[in-house]
Amino acid sequence: MKRLYKEMLKKSLKGKVSFNESLKEHTTFKIGGIPKVYFEPESIDDLQLGMTLFLKKGLKPFIIGSGSNLLISDGEIDRAFIKLSAPAFKAFSFKKDTVICGSGLNLQKLIRRCIDRGLSGPERLAGIPATVGGAIMMNAGPGKEGCIGDMVEWVKAIKPGRKNILVLHKDKLKFVRRDSGLSGYVILEAALRLKRSRPDILKKRYKRIVRCKMSKQEYRFPNAGCIFKNPQEQELTSGEMIDQLGLKGLSVGGAEVSSRHANFIINKNSARFADVFSLMKLQQEKVKKHYGVWLKPEIRIVR
């Protein structure tokens, strides 16, 4: 990237602009290379200007959120990564039984504030490392007990390169398992409709969910959460199929299938993108051979 373009970005944009930012420091997998541009906008106007300038240069913007649920390639990445970390994207306010929150707000912080107010719903998302925007984008949640999409009243969003801010109401949103239908949008803000309950009951429920996750899921090494979606046509989950094939502990380079939860891959020893990707392919091939099912990634792969 030419020096004049870099200088122009630094002068034009108010937020943090970096050209040597390692994405390892911004992902829960601790894997990722260096994007052409890394940007933390100061405001919505700053965000819109940044995305317009990036697109003019042929750089596709990517919102990184909390960096969970992501596997990002090593080396130089020909994209602009954007993190909505400024206070403008983390604001939240309550109006009766509704909370209006910025997409950059930490999901666990939101849950704790809702519990303190006796508002039920978000506590079912306890322990999920995400921003509000990221959780909505992937429709995070346990599934059987409901997902965040069940609570969404409206979403305020923009499309990269366009100035209009859109308000998408629940009747226009199509939430399904692990998908919001909002691909191509950048979520700015959302309203969640909640239910009344007692704070002490919600605190107990929150602690129970966290304890359950800590006992079953992987937390000892960097990871991106569940790697594969559970196939609808199978009684067994992805983790159960991988486990029954004896693949726990299988490794490629620094990546290893977790011995605690078979649907987790851990970064045990400075794993690289290729290590994780190769290990995923091995699992997919073995599951396909024995069960006739090709496992689909739940994590987002960015190259």
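Is the range 104-262 rounded, prolate or oblate when judged by the Cα gyration tensor, a ≥ b ≥ c being the square roots of its eigenvalues, rounded requiring a/c under 1.5 and prolate requiring a/b larger than b/c?
The shape class here is oblate.
My understanding is that a pair violates if its Cα-Cα distance is over 30 Å; which of LYS24/LYS60; LYS213/LYS281; LYS2/LYS83; LYS90/LYS213; LYS90/LYS170; LYS57/LYS288 do that in this structure?
Table pairs above 30 Å Cα-Cα are LYS57/LYS288.
Hey, of (i) 18.5, 57; (ii) 19.9, 58; (iii) 21.9, 76, which did the structure itself give for Rg and Dmax of the Cα atoms in Å when calculated?
(ii)
Give me the 1.4 Å probe accessible area per residue for the chain, excluding ligands and nucleic acids, in Å². Intermediate results must be reported in sequence, preceding the final value.
Values: 15320 Å² over 303 residues.
In whole numbers, the chain has 51 Å² accessible per residue.
In nanometres, what is the gap between the two model label sites at ARG198 and SER251, each 7 Å from Cα along Cα-to-Cβ?
Once both label points are built, they end up 5.0 nm from each other.
Gap in Å between the Cα centre of the range 1-68 and the Cα centre of the range 175-205?
27
Within the range 7-50, list the trypsin sites (Lys or Arg not before Pro) lying in a DSSP loop whose Cβ has at most 16 other Cβ atoms in a 10 Å radius. Walk me through the numbers on the way to the answer.
On the way: sites: LYS10, LYS11, LYS14, LYS16, LYS24, LYS30, LYS36; in loops: LYS14, LYS30.
In loop regions of the range 7-50 (DSSP not H, G, I, E or B), the sparsely surrounded trypsin sites (Lys or Arg not before Pro) are LYS14.
At 1.4 Å probe size, with no ligands or nucleic acids counted, give the accessible surface of SER93 in Å², nearest ten.
In the full protein context, SER93 sits at about 50 Å².
Kindly rank 197-208, 237-248, 146-157 from highest to lowest mean number of other beta carbons found within 10 Å of each residue.
In descending order of packing, they fall as 146-157, 237-248, 197-208.
Roughly how many whole Å is it from the C-alpha centroid of the range 229-256 to that of the range 76-100?
A separation of 34 Å, based on Cα centres.
Rank these by accessible area, largest first, 1.4 Å probe: HIS169, HIS290, HIS261.
My answer, sorted largest first, is HIS290, HIS169, HIS261.
Please build a GNM for the chain, connecting alpha carbons under 10 Å apart, and tell me which residue among VAL37, VAL293, VAL257 fluctuates the most.
VAL293
Share of the chain's accessible area from carbon and sulfur, percent, 1.4 Å? Numbers along the way, then the final one.
Working: 7420 of 15320 Å².
That fraction is 48 percent.
Return the FRET efficiency for the residue pair GLN244, VAL210: r is the Cβ-Cβ distance, R0 is 22 Å, and the value is rounded to the nearest 0.05.
With a Förster radius of 22 Å, E is 0.20.
Identify the chymotrypsin sites (Phe, Trp or Tyr not before Pro) of the range 247-303 meeting these criteria: DSSP loop state and at most 16 other C-beta atoms within 10 Å of the C-beta.
Counting only loop positions with at most 16 other Cβ atoms within 10 Å, the chymotrypsin sites (Phe, Trp or Tyr not before Pro) in the range 247-303 are TRP294.
The values are calculated or read from the model by the stated rules, or taken from the named source; none is laboratory data. As the structure is a prediction and not an experimental result, all values here were calculated from the model. In this analysis, Cβ positions are derived from the backbone assuming ideal geometry, glycine residues included, and neighbour counts consider all displayed protein chains. Calculation scope for accessible area: heavy atoms of the full protein, side chains included, ligands and nucleic acids excluded. Shrake-Rupley method; radii C 1.70, N 1.55, O 1.52, S 1.80 Å.
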